[in-house]
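The values are calculated or read from the model by the stated rules, or taken from the named source; none is laboratory data. Just so it is clear, the model here is predicted, and its values are computed rather than measured. Quick reminder, even Gly has a Cβ in these numbers, built from the backbone with ideal geometry, and neighbours come from all protein chains shown. Surface areas here come from the heavy atoms of the whole protein model, side chains and all, with no ligands, DNA or RNA. Shrake-Rupley method; radii C 1.70, N 1.55, O 1.52, S 1.80 Å.
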Amino acid sequence: MNTPFSQPRDEDVNARHVVIALVLMAAVGLACVLMLVVNGALLLVPIANQLGLPPIQQSFIQASFVAIAVTIAVGVVLWFFTHRPRLRAIGLTLLWGSLLAIPLTLIRLSFSLDDVFKPALLRIIFGILFSVPILWRNGRPDFAAFIAKFPIAIIVGTAMLAPFAINGALGSGLDTLRALIEAKVLGLIAASLVVLLRPAVEEDASGVTSHGLAGVVVTLIMLLVAGAWGQDDLNFLLILTLPWLGRLIVTLSKAKPNFVAPQPSNWPASALLVTLATFGVLAFVSPTEFNAMTIIDRYTGRFALTAALQALGIAIVISTLLAWAATRWHIATAGWMWGIAGLILVLTGVGYWRLGQPGFYPNDFIVILKNQADLSKLPTSGDPAIRRQATYQLLVNHAEQTQGPIREDLNSRGTKYRPYYIVNAIEISSDAWVAWRLSQRADVDRVLYSPELRRYYGPYAAEDSAEINKPNLPTWGLRYINADKVWNELKVRGKGIVVAGSDSGVDWRHPALREQYRGKDGNHNYNWLDPWRNQPEPYDESGHGTHTIGSVLGINNIGVAPDALWYACANLLHNYGSPAYYLDCMQFTLAPHPQGGDPFKAGRPDLGADISTNSWGCPPVEGCDLRVLEPGVQALNAAGIFAVFAAGNEGPGCNSLGSPPALYAPGFVVGAIDAKGNLTDFSSRGPNAGLPNERIGPDVLAPGAGVLSAWPNGQYHVTSGTSMATPHVAGVVALMWSANPALRGDVTRTAQILRETVKPYAGEAADCSLDSKPDPATGYGVVDALAAVKAALAIK
């Protein structure tokens, strides 16, 4: 007979402990929901920055420590203040997992999003330190049990990998090796969880099983780990795919075919499952190309998100079916399970080979020589064509003379390479060992990473724009800078001036652009270069290049100088580039050559551009350091080519003018205003963070918000960015040089006129403004086409 002082029955204690555990686990669950919200918000950071909202990435990552702190607290309570082995095992696992999440989160805080390999190495080290000792001491694997569960791990893991393999693409061999090691470490982490949870997967004496609870523990810990894994938004894809395997990870840790008898030492099957499931995310999605903005407007992001959701569905469905079937049949030892595993492997391999992008897309290196050409003796005035010829000949001769020993070395080793002259450099397609060896040469200044973007399977065409008709009147931007008054009052429209567009390409058949294309007769040689794919005629996958060249010279009331001519080079793919492709287009601007021709021998400086419009920047993630493109900009300047560059869209913070070529003094840099005349929040500000002695901020401002221009497939589109402001200024220069040909090639005086004829900035007070001239935020003011052309006409 029980009294108030009687000992409670064992089943009462068990039930009470389970209730306590569930309540505490609910607290952990809420914390991990916070982690999901945090990482979802992190995915929106690029959008926030694009809209000009204050940078929030660091604060969001720091908020994830709240989830970790709650998990630690619950782990401490269960580990130190309960006596049941099962609950103590859960507490220890929560404590261990949350402690691992701390250094992983600190790694995310400590490295830039552009860095890949250093933080990956640290994650691998911490993952091994936290998992291998546990497995070594407590989890000696039962390989017989592993073989029994092997087909199940293969079926689920390969099925989750398949959407990424078929629609994605591998990077270089080094990238793929890194992804494989990281996936394996995540597998070891999951395996160590099931070893720590050994008591929690045993059957309860009262019939209340802790098996499902153990699966929840694994899910919560893997949420913490996935949320902290990576320097980029790939961790969001991991959150969608990895944690929901928790139940199956625990199930595979049991060895008996009916999944009832405990066999916690069978962790290799769980490790294999997680390795395969995460390898798809880590290997087939480029961290360079995936973020929230790519989900909105690029195939790269949409494919990755779709593949992750497919993998999530596969994980839930197959895991549920296997858990149900395992209670009824000895499916692990059934021969047909091996058949299904083999079939899925074969189908995935065939899908990858036939539908995907098989092979590696290697990351090249670019070797920068110490001895750069001396441009000081080139003529600073005279016929622009003669100046381009002199510059071209000097650069080519210098590169041929100084690159000889390195080329001989590369030829002797069979290393594929591509030389450049506009910057004395050589791009090599080789491994990191060869790059390091070349960096030790006395004639080499440095060796930079030159990434090759992956060729994803998908629609390589700009999406249709919302239905927008061509404007009946000049766009607000043209009116704001008085371009329409130049046409009407001065009868100047840019005739006789050639503009080179270096961007994502151009839809040359667009009705607003076709007549101004220098190769409109179908002769694309010397008028189009595609260093990415070697396509014979102009095209535009993203719409960016069509839009920018339209703002320079498009007819139908969209371009500043509608009588100017254009030719183009594609240095962007998916709106990303690399140092090599930027140099390709700089060379093509100076001396066009046929597609596939030798720039050193087939260059035609007589067909070079008067003006170069450049709505791009080269951040470290694309391989650029601060100085790599500077000799190229100096060479264009010396040749009398007026090069206009976008300031960048990293505002509104100060010191956000941070990526070349907008850093360099020889270039002319443009920030953006909106239709009210206010500096846009996204427009990058000075002072120049990287090279503070080169420039204070942008030179001038131009319309860059809500700009209407041409779009592929004969459409029109409205978009924003300093990319849209830049071509307005290029068009103004075309008007100036058309109005007074004597000014052509005089880059210094033209820049001076542009700065002296601006309209004073009259918008709202701008962040980082010092009310100086030039101002770090607003430069000298807003470009004024009418005043600039009148000043140009006054030059004798």
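Values as computed for the structure displayed
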| item | result |
| --- | --- |
| All positions within the range 364-383 that are open to solvent by less than 60 Å² (accessible area, probe 1.4 Å) and within 28 Å of residue 447 (Cβ to Cβ) | 364, 365, 366, 367, 368, 369, 372, 373, 375 |
| All positions within the range 554-603 that are outside any loop (DSSP other than H, G, I, E, B), under 16 Å from residue 538 (Cβ atoms) and of a type in the set (S, T, N, Q) | 589 |
| Cβ-Cβ under 6 Å pairs, at least 6 apart or on other chains, the range 130-142 side over 13 Å from residue 270 (Cα atoms), far side modelled with pLDDT of 65 or more and crowded, with 16+ Cβ neighbours inside 10 Å | 130/100; 131/188; 131/189; 131/192; 134/192; 134/195; 138/195 |
| Single match in 499, 486 (criterion: among the β-branched types (Val, Ile, Thr), within 30 Å of the chain's Cα centre (by Cα) and modelled with pLDDT of 90 or more) | 499 |
| Qualifying residue in the range 409-416 (condition: surrounded by fewer than 19 Cβ atoms within 10 Å (Cβ to Cβ) and in a strand (DSSP E or B)) | yes |
| Selection within the range 164-181 - in contact with a helix residue (DSSP H, G or I) (Cβ under 7 Å, 6 or more places away or on another chain) and open to solvent by 10 Å² or more (accessible area, probe 1.4 Å) | 166, 167, 170, 174, 176, 178, 180, 181 |
| Residue 749 vs. criteria among the basic types (Lys, Arg), under 26 Å from residue 627 (Cα atoms) and in contact with a Gly (Cβ under 8 Å, 6 or more places away or on another chain) | no |
| Residue 145 open to solvent by less than 10 Å² (accessible area, probe 1.4 Å) and either at pLDDT 90 or above or under 29 Å from residue 65 (Cβ atoms) (or both) | no |
| Matching residues in the range 741-759 - criterion: being open to solvent by less than 20 Å² (accessible area, probe 1.4 Å) and either in a helix (DSSP H, G or I) or under 21 Å from residue 483 (Cβ atoms) (or both) | 743, 747, 750, 751, 753, 754 |
| Any helices (runs of 4 or more DSSP H) falling wholly within the range 290-378 and containing at least 2 residues that are of a type in the set (A, V, I, L, M) and at pLDDT below 75 | 292-297, 299-326 |
| Scan of the range 695-720 for residues that are surrounded by fewer than 22 Cβ atoms within 10 Å (Cβ to Cβ) and not β-branched (Val, Ile, Thr), ordered by number | 706, 713, 714, 715, 717, 720 |
| Selection count, the range 80-120, where residues are in a helix (DSSP H, G or I) and farther than 19 Å from residue 219 by Cβ | 14 |
| Residue ID - surrounded by the fewest Cβ atoms within 10 Å (Cβ to Cβ), chosen from residues in the range 760-786 that are among the small types (Gly, Ala, Ser) and touching a helix residue (DSSP H, G or I) at 6+ places or on another chain (Cβ under 9 Å) | 781 |
| Residue 139, sole failed condition from (1) buried (at least 16 other Cβ atoms within 10 Å of the Cβ); (2) under 30 Å from residue 81 (Cβ atoms); (3) at pLDDT 85 or above | (3) |
| Those residues of the range 713-733 which are in a helix (DSSP H, G or I) and in contact with a strand residue (DSSP E or B) (Cβ under 6 Å, 6 or more places away or on another chain), in sequence order | 722, 723, 724, 725, 726, 727, 728, 729, 730, 733 |
| Some residue of the range 428-449 being open to solvent by 10 Å² or more (accessible area, probe 1.4 Å), part of a loop (DSSP other than H, G, I, E, B), under 30 Å from residue 745 (Cα atoms) and at pLDDT below 95 | no |
| The lone exception for residue 555 - which of (1) open to solvent by 10 Å² or more (accessible area, probe 1.4 Å); (2) out of contact with any helix residue (DSSP H, G or I) (no Cβ under 6 Å at 6 or more places or on another chain); (3) modelled with pLDDT under 95 it fails | (3) |
| Sole residue being closer than 21 Å to residue 733 by Cα, free of Cβ contacts under 8 Å to residues at least 60 places away in the same chain and either out of contact with any Ser or Thr (no Cβ under 7 Å at 6 or more places or on another chain) or open to solvent by less than 20 Å² (accessible area, probe 1.4 Å) (or both), chosen from 537, 515 | 515 |
| Unique match (being of a type in the set (Val, Ile, Thr), open to solvent by 10 Å² or more (accessible area, probe 1.4 Å) and either under 16 Å from residue 586 (Cα atoms) or modelled with pLDDT of 95 or more (or both)) among 422, 386, 406 | 386 |
| Hits in the range 630-661 - residues which are within 24 Å of residue 701 (Cβ to Cβ), modelled with pLDDT of 90 or more and buried (at least 24 other Cβ atoms within 10 Å of the Cβ) | 633, 636, 641, 642, 643, 644, 645, 646, 647, 648, 660, 661 |
| Count of residues meeting criterion [hydroxyl-bearing (Ser, Thr, Tyr) and more than 23 Å from the chain's Cα centre (by Cα)] in the range 695-722 | 2 |
| Exclusive hit being of a type in the set (Asp, Glu) and open to solvent by less than 10 Å² (accessible area, probe 1.4 Å), set 598, 606, 610, 625 | 610 |
| Residues of the range 389-403 satisfying the condition of being open to solvent by 20 Å² or more (accessible area, probe 1.4 Å), over 30 Å from residue 496 (Cα atoms) and touching a residue at least 40 places away in the same chain (Cβ under 8 Å) | 400, 402 |
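Let's see how each residue does on (1) outside any loop (DSSP other than H, G, I, E, B); (2) in contact with a strand residue (DSSP E or B) (Cβ under 6 Å, 6 or more places away or on another chain):
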residue	(1), (2)
494	no, no
501	yes, yes
510	no, yes
522	no, no
526	no, no
531	no, no
534	no, no
548	yes, yes
552	yes, yes
